[in-house]
Amino acid sequence: MNITVLAFGILSDLLENDSIQLTLEKQMSVSDFKQYLIKNFSKLNGYSNFSIAINEAYASDDILLNENDVVALIPPVSGG
Amino acid sequence: MSDNISIKVTSCPLKLEDCYAFVEDPSCGGISVFVGTVRNQTKGKDVKRLDFSAYEPMAIKEMKKIAEESLAKFEISKIAIHHAIGKLSIKDIPVIIAVSSAHRKDAFRACEYAIDTLKETVPIWKKEHFESGEVWVNSHP
């Protein structure tokens with residue numbers, strides 16, 4: 001399953017990238033995907049303080065990722 | 001976009017007069033405006049500048065959602081929410097919220113609701129630049 005991952009704020013600094021193409025072996029929920037990232041991307045250094053948005057909308061932990069989703073990693077926002 | 005909502009995310013300087021002109025309305029008895037400005041200090045450290053970045057399409061959607069919720073929750077006529085991105089210096093304006101209403105209380109409340117919610121939900125991030133380095137605000141628990 002192919003997805004695009006977008007990273008923002010501190011996460012784009014940690015990953016040294018703001019867009020990554022990923023192929024997942026199986027369909028995952030948002031919470032599974034977060035665990036997957038923390039496990040497979042050592043650059044995150046265990047950083048887990050982020051939310052997930054799928055296709056430009058916040059996604060709760062139980063939502064499933066689908067083929068071609070754009071999955072954004074949203075660290076705590078600080079606008080205003 | 002509906003004609004009582006103005007949303008903008010821009011790398012150009014924000015203009016107070018644009019927000020004010022948008023919300024002006026003959027039926028209104030008042031306009032409440034919140035202007036965010038870049039402060040020169042954080043926890044006693046001198047800030048040199050801020051750098052704002054956004055997930056722009058989602059930021060616009062979340063700002064529109066806040067505007068729609070404000071119109072539903074309060075007796076207001078029009079609302080403008082504008083946010084700047086890019087490099088900002090001390091005293092520059094990262095955000096303006098303007099609200100018009102028949103009676104002042106709803107304009108005050110909607111303005112406060114909109115800025116409080118923006119700070120919680122809209123995917124915009126600021127990096128503070130100090131003499132000694134830089135830090136993403138809120139990113140460390």
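Read-outs: derived from the displayed coordinates by stated rules, not from any lab. Model, not experiment: these values are computed from the prediction. No Cβ is skipped: glycine too gets one built from the backbone with ideal geometry, and neighbour counts run over all protein chains shown.
Partner lysines whose Cα lies under 18 Å from the Cα of B:K91, excluding those fewer than 8 positions away in the same chain, are identified as B:K15, B:K43, B:K45, B:K48, B:K126, B:K127. Taking each residue as 0.36 nm, the span from B:D3 to B:V33 lengthens on full extension beyond its C-alpha to C-alpha distance by 8.9 nm. Normalising the average separation of contacting C-alpha pairs (under 8 angstrom, six or more residues apart) by the number of residues puts the relative contact order of chain A at 41 percent.
The long axis of helix A:30-40 is offset from the longest Cα principal axis of chain A by roughly 70 degrees.
Annotation: peptides A:56-63, B:121-128, A:69-76, ranked by per-residue average of other Cβ atoms within 10 Å with the highest first, follow the order B:121-128, A:69-76, A:56-63. FRET efficiency for the pair B:D18 and A:N68, taken as 1/(1 + (r/R0)^6) with r the Cβ-Cβ distance and R0 = 35 Å, rounds to 0.40. Over the C-alpha atoms of the stretch A:2-74, the Rg to Rh ratio, Rh being the Kirkwood estimate, stands at 0.91.
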